[in-house]
Amino acid sequence: MKTACITGSSRGIGRAIALRLAADGFRVILHGIREGEAIREVKNEIGQRGGVAQIHCADLRDPAQTKRLGEEIATADVLVLNASLQYRTPWQEITPEACLEQLNCNLISSMLLMQAVAPHMKERGWGRIITVGSVQETKPHPDMLVYAASKAAQTNMMQSLSLQLAKDGITVNNVAPGVIYTDRNIEALSDPEYAKKVTNSIPVGFYGEPKDCAGIVSLLCSEEGRYITGQSIYVDGGRSVQ
């Protein structure tokens with residue numbers, strides 16, 4: 001049984017990916033900043049469906065904790081880098097501390113965890129690394145300057161590594177969601193005027209759901225996805241091409 005680690009898997013997109021990969025037959029490593037009720041519920045749900053899951057906690061804003069997590073998950077066959085921080089702040093008001101927190105969580109932790117799992121993947125001649133980016137890589141929100149920049153940088157890193165790891169049987173790809181209805185944006189979308197503006201910006205005319213991102217991750221982690229690498233795949237209802 002292959003093992004898949006999904007960072008930020010206590011809720012939203014990460015939770016949906018964890019449930020899908022467990023259903024696909026992977027042993028799942030769930031990750032959260034702490035072992036709270038939400039992540040335990042995901043573990044229990046996987047178990048009730050006949051899957052296998054364990055929980056590992058780390059604050060990815062702290063490189064030391066990230067390195068420890070990397071040591072714990074080093075033998076994972078699949079790494080899905082979903083955890084991220086998103087601060088909504090006018091760019092003139094961004095502090096160095098807030099910038100560094102987002103960069104540590106969204107970019108530097110991705111590099112450290114890739115460094116941790118790649119040796120095992122090379123030894124086995126098989127591996128899947130998937131970064132979870134954002135439509136903001138091409139359509140940046142004016143009040144999320146650091147978040148958008150960190151996601152674009154993560155995708156650039158993904159492309160570089162896809163070339164370096166291709167001959168080792170390791171594929172490296174990015175999945176870039178658009179507006180996905182999760183608890184991260186429920187408050188903002190509860191404003192009818194803002195919600196209408198957002199919906200009008202999506203060609204298909206509606207928000208996505210976390211499960212809409214899980215299917216493409218499932219494909220990329222499968223043998224059917226073995227010939228896909230170095231790609232950034234948008235799951236955004238067409239917003240990135242508008």
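The values are calculated or read from the model by the stated rules, or taken from the named source; none is laboratory data. The shown structure was predicted, so the numbers you read here are calculated from the model rather than taken from an experiment. Cβ atoms come from the backbone with ideal geometry, glycine included; neighbour counts cover every protein chain shown.
Worth pointing out:
- Pairs with Cβ under 8 Å, 6+ apart, first in region 82-98 and in contact (Cβ under 8 Å) with a residue 12 or more places away in the chain and surrounded by fewer than 15 Cβ atoms within 10 Å (Cβ to Cβ), second part of a loop (DSSP other than H, G, I, E, B) and acidic (Asp, Glu): Arg88/Asp143; Pro90/Asp143; Trp91/Asp143
- For Gly36, the conditions (1) modelled with pLDDT of 95 or more; (2) out of contact with any helix residue (DSSP H, G or I) (no Cβ under 9 Å at 6 or more places or on another chain) all hold with the exception of (1).
- Which listed residue is in contact (Cβ under 8 Å) with a residue 24 or more places away in the chain and either under 22 Å from Ala83 (Cβ atoms) or in contact with a Gly (Cβ under 6 Å, 6 or more places away or on another chain) (or both), from Ser201, Ser232: Ser232
- Any hit, region 45-52, residues being crowded, with 17+ Cβ neighbours inside 10 Å and within 18 Å of the chain's Cα centre (by Cα): no
- Checked across region 199-207, the condition of being of a type in the set (Val, Ile, Thr), surrounded by 10 or more Cβ atoms within 10 Å (Cβ to Cβ) and not in a helix (DSSP H, G or I) holds for at least one residue.
- Elements of type helices (runs of 4 or more DSSP H) contained in region 75-189, each with 1 or more residues being modelled with pLDDT of 95 or more: 96-103, 109-124, 145-165
- Scanning region 150-193 for residues that are surrounded by fewer than 20 Cβ atoms within 10 Å (Cβ to Cβ), closer than 22 Å to Met121 by Cβ and in contact with a Lys or Arg (Cβ under 7 Å, 6 or more places away or on another chain) gives a single hit, Asp168.
One line per residue, one yes/no per condition, for (1) at pLDDT below 95; (2) assigned to a helix (DSSP H, G or I); (3) β-branched (Val, Ile, Thr):
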| site | (1), (2), (3) |
| --- | --- |
| Ser9 | no, no, no |
| Ala16 | no, yes, no |
| Arg20 | no, yes, no |
| Val28 | no, no, yes |
| Arg40 | no, yes, no |
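- Checked against the criteria, Arg27 counts as within 15 Å of Ala4 (Cβ to Cβ), basic (Lys, Arg), surrounded by 15 or more Cβ atoms within 10 Å (Cβ to Cβ) and over 16 Å from the mean Cα position of the chain (by Cα).
- Qualifying residue in region 131-148 (condition: over 28 Å from Phe26 (Cβ atoms), polar (S, T, N, Q) and free of Cβ contacts under 8 Å to residues at least 24 places away in the same chain): yes
- Matching residues in region 208-236 - criterion: being in a loop (DSSP other than H, G, I, E, B) and either at pLDDT 95 or above or over 18 Å from the mean Cα position of the chain (by Cα) (or both): Ser222, Arg226, Tyr227, Ile228, Thr229, Gly230, Gln231
- Filter result (under 17 Å from the mean Cα position of the chain (by Cα) and either among the acidic types (Asp, Glu) or surrounded by fewer than 16 Cβ atoms within 10 Å (Cβ to Cβ) (or both)) within region 113-122: Gln115
- Consider region 67-81 and keep the residues that are of a type outside the set (Val, Ile, Thr) and more than 17 Å from Asn104 (Cα to Cα). The one that is surrounded by the fewest Cβ atoms within 10 Å (Cβ to Cβ) is Glu71.
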